[in-house]
Ligand SMILES: [Zn+2]
């Protein structure tokens, strides 16, 4: 009897193995079939091919379409059958040369993630341009509003200022979460774009006027003065240069920075994005990933050329997004007041001949997201909102206190050439330590003034100070934390 059982078990195991082999084969066939049709662009940008380590040895030519052909609107734009993944060393795959860490942008090569049929074989990175907005692009294409092969016209889109290229742009320990050449894609890779390669900037830089009510009020009170350069006029219009940066992750560098194994990181990214990017697993040769997350924005007050000058004073605020406070004025935290205070001090620094820099990261609710944030708010308000229980409430819902991982944050400072910060407008020990660990000196840490702290946000402030945030005042003791309590929901009752 047990003999029969073990025979059955062996048969099942065999069946499983052959099923897996079949699935692998189908994957490969699909891409092979797709790629064999399209070599036109491949010939055009031939000088970019033959990435070291690539081979054509794994040819498999069985034809067995198991998926429906793409509907007519996509014909000839996408591959006939969707390519579910590609494999390292697969026949027909010729990643465009890209050597992260090269100082010459031409030698470094562009980041290519296009999934168009005629260039899917040229991709040298995983993911898609535009971070989360790639999903909206998908809708526009699906609805027929946007041709899938739309070619952006980059005329007049170049940066109005030059960010000086520095040696750290080629240092794989200093910049691993953004493409240092991302704002110059259409300049350095003009030829490739003209030849049809679908590559796009991951950074854009512009200049603007800003009007902020609190800054206008400060000007009216006489706390700030019009200088014609930073504050342009009595209305309080501000001159600013700003850069939008999409994340571009060099996975070996990100893994090293986070002190985790690269394979382990790839597996976690694959699983926790719902298996969205199988190439994280099947293409270990692709080292760059464009993750579907928000990026950051840099705001520069004063002369950007002085950012890298160690003899020029620099005031900095690193701010992580808090939509509820930043935009809508929620009073449960200090986010907008601290941002405004940081901005005011940046303006003052710039007016005194220094530079002010705000770096705004899209990491809503400590990168836990706004849904989690509101769940935590409810748990706080219903469970007795005290500073002593503040972090525990977040931990209960999210499993962690914070997911911002400031270790990647300093990259943008290296890009801008910042080596020291005179006034750091933040109390966060995590932001401070990340910058100092990255070799950037911080000369003074400036806490938010007490009068700018909304009463209901005392809970958060005291809990943070007790947990290690910088303060020039007293550090609350355990018993003090129980006494710092937030407002309840009484005002909502009829
Ligand atoms: Zn906030």
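The values are calculated or read from the model by the stated rules, or taken from the named source; none is laboratory data. Bear in mind the structure is a predicted one, so any value in this text is a computation, not a measurement. So basically every Cβ, Gly included, is an ideal-geometry build from the backbone, and we count neighbours across all protein chains shown.
The number of residues in segment 451-461 that are part of a helix (DSSP H, G or I) and either touching a helix residue (DSSP H, G or I) at 6+ places or on another chain (Cβ under 9 Å) or at positive phi (or both) comes to 6. Among the criteria (1) without any contact (Cβ under 8 Å) to a residue 24 or more places away in the chain; (2) away from the ligand (no atom under 16 Å from the Cβ); (3) surrounded by fewer than 19 Cβ atoms within 10 Å (Cβ to Cβ), the one residue 269 does not fulfil is (3).
Quick check on this structure: which one of 439, 417 is under 24 Å from residue 304 (Cβ atoms), within 22 Å of the chain's Cα centre (by Cα) and surrounded by fewer than 17 Cβ atoms within 10 Å (Cβ to Cβ)?
Details: 417 fails: surrounded by fewer than 17 Cβ atoms within 10 Å (Cβ to Cβ).
The conditions single out 439.
Screening residue 381 on (1) part of a helix (DSSP H, G or I); (2) buried (at least 20 other Cβ atoms within 10 Å of the Cβ) shows it passes everything except condition (2).
Table: residues versus (1) closer than 21 Å to residue 244 by Cβ; (2) within 13 Å of the ligand (Cβ to nearest atom).
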{"site": "315", "(1), (2)": "no, no"}
{"site": "336", "(1), (2)": "yes, yes"}
{"site": "345", "(1), (2)": "no, no"}
{"site": "350", "(1), (2)": "yes, no"}
{"site": "357", "(1), (2)": "yes, no"}
{"site": "378", "(1), (2)": "no, no"}
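Taking residue 218, is it modelled with pLDDT of 95 or more, in a helix (DSSP H, G or I) and out of contact with any helix residue (DSSP H, G or I) (no Cβ under 8 Å at 6 or more places or on another chain)?
Working: modelled with pLDDT of 95 or more: yes; in a helix (DSSP H, G or I): yes; out of contact with any helix residue (DSSP H, G or I) (no Cβ under 8 Å at 6 or more places or on another chain): no.
Criteria not met by residue 218.
Of the helices (runs of 4 or more DSSP H) contained entirely in segment 289-369, those carrying at least 1 residues that are in contact (Cβ under 8 Å) with a residue 12 or more places away in the chain and surrounded by 23 or more Cβ atoms within 10 Å (Cβ to Cβ) fall at 335-351, 364-367. Residue selection: residue 126 satisfies the criterion of being surrounded by 14 or more Cβ atoms within 10 Å (Cβ to Cβ) and touching a helix residue (DSSP H, G or I) at 6+ places or on another chain (Cβ under 6 Å).
Residue-wise test of (1) within 16 Å of the ligand (Cβ to nearest atom); (2) surrounded by 13 or more Cβ atoms within 10 Å (Cβ to Cβ); (3) modelled with pLDDT of 95 or more; (4) in a helix (DSSP H, G or I).
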site	(1), (2), (3), (4)
434	no, yes, yes, yes
443	no, no, yes, no
448	yes, yes, yes, no
474	no, no, no, no
481	no, yes, no, yes
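Residues of segment 236-252 include at least one that is surrounded by 17 or more Cβ atoms within 10 Å (Cβ to Cβ) and assigned to a helix (DSSP H, G or I).
Among the residues making up segment 260-272, a single one is in a loop (DSSP other than H, G, I, E, B) and closer than 20 Å to residue 178 by Cβ: 260.
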